[in-house]
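The values are calculated or read from the model by the stated rules, or taken from the named source; none is laboratory data. Please read all numbers here as calculations on a predicted model, not as lab measurements. Cβ placement follows ideal geometry from the backbone for every residue including glycine, while neighbour counts extend to all protein chains displayed. Just so you know, the surface numbers come from the protein's heavy atoms only, side chains and all, with ligands and any DNA or RNA stripped out. Shrake-Rupley method; radii C 1.70, N 1.55, O 1.52, S 1.80 Å.
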Amino acid sequence: MEHAVAVSGEDLSPEEIKCSPPLKPSANTAIKCLKCDKVYIFPADKDDCLAHLYLEHRLVIADVEDIALLEDYLQYWGKEFQEHEFEQYCTTMFLDQLPDGKYAKNEKYYLLCDILPQDYELRQRLKEKRLSEALKRHQFELTDRNFSKECLFCRTIINGLRADYLDHLFDKHFLLVGKPEKLVYVDELLDHLEENLNRLVCLYCEKIFRDRPTLKEHMRKKGHKRINPNRKEYDKYFLINYNRRPAAPTPRKQQHQKRRQETASVSTLADPETGSVDFDKHFARPDSEDEHDSDWSDWAADGEPSAIKCLFCCHLGDNFAGLKDHMHDAHRLDFDKATSSLNFYQRVKVVNYLRRQMCMLRCVTCDLQFDEQELLVEHMAQESHCGVGSKVNWDKPEFFFPYMENDGLLCVLDDSAGDDPEAEVVRIISEDSLAQINKDAERLSLENFKL
C-alpha cells in the first residue's frame with residue numbers, strides 16, 4: 001500500500017483544520033518540532049518526538065494518547081510556539097531534577113493540557129474532524145462495489161463489497177475480523193493482517209512460527225482466528241472508538257473557572273485611583289464589630305484537611321486513617337501495603353493518576369472506558385481492579401500536577417508509613433514557588449487567547 005507523505009510546511013489554525021485534507025491513520029507525515037528545526041516522520045517517530053520535547057524543551061503534553069490527529073495538533077501548536085514562549089500557554093512547574101533524572105535545583109518544566117481553553121477547543125475540533133472523515137470512509141466502504149482482493153488463506157479472489165470479503169473469511173475460514181457496519185479503514189486492516197500472516201505471526205497472540213501449516217494449526221486449535229481486542233493499534237479500525245462520549249468537566253477545571261470568576265469579581269471592587277480593594281467595606285460580616293477576633297473554627301486539627309475524598313467513590317473521610325479503613329473495607333485496597341515500596345513523590349503520582357482515571361470513567365487497572373460512574377464502579381468491584389495501577393501508566397511527569405483542586409489526600413501522604421527519606425526522590429518546589437505558579441495560572445483566561 002502506498003502512503004502519502006505530507007510535509008508540515010503549512011501552519012494550521014483551528015478554523016483551517018476543518019478544511020485541511022483528510023489525514024488517514026496510515027499516512028506518513030513530516031512533523032517539525034514545536035521549538036526547533038528537527039523533523040520527525042509520524043506515526044513511526046511519534047515516541048521519539050514526544051521524548052525530544054520532554055528531554056530538550058521540558059514540555060509535557062497531557063493525555064497525548066487521547067488526542068485525535070496528533071499530527072494536526074502538533075502542527076497547530078508549532079505555529080503558536082514559533083511566535084510565543086511556552087509560558088504564555090503552558091502550566092509551569094519547578095522540579096529539582098533534570099530530564100535525565102540527575103539532581104538540579106528549580107528546573108523549569110511545562111505542561112500543555114486542555115485546561116487551557118484554546119487547547120480544549122483544538123482537541124474538540126480535531127475529534128470532530130476525525131469522526132467526520134471516518135464516517136465518510138465508512139459510508140464509502142459499505143457501498144463501494146469495486147473492491148477486489150485475494151483471500152488471506154486461499155487463492156479465491158472476492159470481487160464486489162468488502163462485506164462479502166469479510167463474510168468469506170468467516171464462513172470459509174472461521175476468521176472473525178468484525179462486522180462490516182462496525183469497521184472502518186477496512187483495506188488497511190486487511191493489509192495489516194495479511195502482512196502478519198506473511199511473516200508467520202499469529203493474529204491474536206502474535207507468536208512467530210516456523211512455517212504456514214504450523215501457524216494455521218496453532219490458530220485453529222487455540223481459537224486464535226481473530227484479532228486481539230486488547231491491542232490498541234486495532235482501535236482505529238472500529239467506528240465506535242471515534243465517537244466516545246466526552247468525559248464530564250473535571251473538578252479541577254470547575255474550580256479553576258470558579259476561581260477566575262471570583263478573581264474577576266474582586267477586581268471590579270477595586271478603587272480606580274489606588275487599585276486597592278477596601279475589604280472591610282465590601283466583605284465585612286454584618287454582625288461583626290470593628291475589633292473582633294478571627295474565626296478559625298473551619299481549620300482542621302492536627303494539620304489534616306477537614307475531609308479527604310476516597311480514590312474510588314464519593315466517600316469523604318474525616319482523617320487519613322479512617323479513609324484507609326474505608327478503602328480496605330469497601331474496595332479491598334490496603335493503601336499502605338500497595339504503596340509500601342513507593343517514595344512520597346511516587347505516591348503523589350499514583351494519587352493523581354487514580355483521580356484522573358476515575359474522573360475520565362476509566363478503569364485504573366485495565367483502562368477500560370465506561371459511559372457511567374456506576375458501571376465503572378461495578379466493573380472494578382467485580383474484577384477486583386481497585387488497585388494503584390501499573391507503574392508504566394502512572395510514572396509520568398504529568399502526574400506531578402494535582403488533578404483535583406485542593407486534594408486533601410495529597411496533604412497527608414507524607415505522614416503515611418513506608419516513606420524512605422533517604423531514597424532518591426524528585427524534590428518539589430517550596431510553598432512560595434507554588435504560590436507563584438498558582439498566580440501565573442490565574443492569568444490564563446479566555447481573554448488572553450484568540451481562538
Of the numbered conditions (1) among the charged types (D, E, K, R); (2) free of Cβ contacts under 8 Å to residues at least 12 places away in the same chain; (3) closer than 24 Å to Asp144 by Cβ, Lys207 satisfies every one except a single condition; which is it? (3)
Can you say whether Lys129 is in contact with an Asp or Glu (Cβ under 8 Å, 6 or more places away or on another chain), of a type outside the set (S, T, N, Q), at pLDDT 90 or above and part of a helix (DSSP H, G or I), as far as the supplied structure shows? yes
Considering only residues of the range 146-164 that are touching a residue at least 12 places away in the same chain (Cβ under 8 Å) and touching a Ser or Thr at 6+ places or on another chain (Cβ under 9 Å), which is least open to solvent (accessible area, probe 1.4 Å)? Gly160
Any residue at all in the range 81-92 that is in contact (Cβ under 8 Å) with a residue 40 or more places away in the chain and in a strand (DSSP E or B)? yes
For Leu70, work out the one condition from (1) touching a His at 6+ places or on another chain (Cβ under 7 Å); (2) buried (at least 16 other Cβ atoms within 10 Å of the Cβ); (3) modelled with pLDDT of 90 or more it doesn't fulfil. (1)
Being open to solvent by 40 Å² or more (accessible area, probe 1.4 Å) and free of Cβ contacts under 8 Å to residues at least 12 places away in the same chain narrows it down to one residue among Lys46, Lys32, Lys102, Lys38; which is it? Lys102
Any residue in the range 308-326 that's over 22 Å from Arg362 (Cβ atoms) and in the same structural domain as Arg347 (by the TED database): show its pairings with residues that are basic (Lys, Arg) and surrounded by 18 or more Cβ atoms within 10 Å (Cβ to Cβ) at Cβ separation under 6 Å, as long as the two are six or more apart or on different chains. Leu316/Lys309
Subset of the range 105-130 that is farther than 19 Å from Phe399 by Cα and open to solvent by less than 40 Å² (accessible area, probe 1.4 Å) - its residue that is farthest from the chain's Cα centre (by Cα): Lys129
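When you look at Glu194, is it modelled with pLDDT of 90 or more, open to solvent by 60 Å² or more (accessible area, probe 1.4 Å) and within 30 Å of the chain's Cα centre (by Cα), yes or no? Lay out the reasoning, then the answer.
Numbers: modelled with pLDDT of 90 or more: yes; open to solvent by 60 Å² or more (accessible area, probe 1.4 Å): yes; within 30 Å of the chain's Cα centre (by Cα): no.
The answer is no for Glu194.
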If you scan the range 50-67, which residues turn out to be open to solvent by less than 30 Å² (accessible area, probe 1.4 Å), out of contact with any strand residue (DSSP E or B) (no Cβ under 8 Å at 6 or more places or on another chain) and under 19 Å from Asn28 (Cα atoms)? Val64
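Please work out which residue is farthest from Trp394 (Cα to Cα), limiting yourself to the range 325-353 and to residues that are of a type in the set (Lys, Arg) and surrounded by fewer than 19 Cβ atoms within 10 Å (Cβ to Cβ).
Within the range 325-353, the first condition is being of a type in the set (Lys, Arg), and the residues that meet it are 332, 337, 347, 349.
Retained after the next criterion (residues that are surrounded by fewer than 19 Cβ atoms within 10 Å (Cβ to Cβ)): 332, 337.
Values: Arg332: 20, Lys337: 17 Å.
My answer is Arg332.
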